[in-house]
Amino acid sequence: MDKAVSHLWSMRALYVLLAVFILFLHLLPLDTQPDRWPFPDILIAITFAWVVRRPDYVPTLLVAAVMLLADLLLQRPPGLLAALVVLGLSYMRSAAPGMRDAGFVGEWISVGVVITAVFLANRITLSLFSVEQSAVGPVAIQLVLTVIAYPAIVLLSQSMFGVRRVSAADASTVGSRA
């Protein structure tokens, strides 16, 4: 049991380290010219990939803190995208056991719909409060690229970090862990 708890906390720490690394790369001034194509939101893709595969690795408060940090560092309205991701995360967490039978394509479609809902809700909320936003085109491209990048994120998470789906035998023990 002690080994399982230490593995759980090490995977949570790995999620935080990956998030900090992604934010560091995002803030690193590698080029002074504006990007032609927006980069996919890797942090959101990793978060959803991990919550579908191993929800115990990414507790809600940890994701909220990481996404709030991302909002602050990337100069987005503080807490808005974090709250929307947490809402999407809670939906995906409840839908994850049913996705085990749907296969990867069903999972990919479900995650794509939730990511689209998060992006749209963010855009609509910012519009309601008359917050200046970037053009629709780059945001739509970022959304599509994020959904397209999801399978690569899942493959990377499985092969490099060992984040695999919870098997039916492990499903009963996941809920009992802290």
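Readers should treat all values here as calculations from the given coordinates under stated rules, not as data from a laboratory. Being a predicted model, the structure only gives us computed values, none of them experimental. Backbone-built Cβ (ideal geometry, glycine too); neighbour counts: all protein chains shown.
What pairs can you find where one residue is in region 126-152 and touching a residue at least 12 places away in the same chain (Cβ under 8 Å) and in a helix (DSSP H, G or I), the other is surrounded by 10 or more Cβ atoms within 10 Å (Cβ to Cβ) and small (Gly, Ala, Ser), and their Cβ atoms are less than 6 Å apart, with a gap of 6+ or different chains?
146/45; 147/112; 149/45; 150/45
Can you name every residue in region 50-78 that is out of contact with any Phe, Trp or Tyr (no Cβ under 9 Å at 6 or more places or on another chain) and over 21 Å from residue 25 (Cα atoms)?
Matches in region 50-78: 52, 53, 54, 55, 56, 59, 60, 61.
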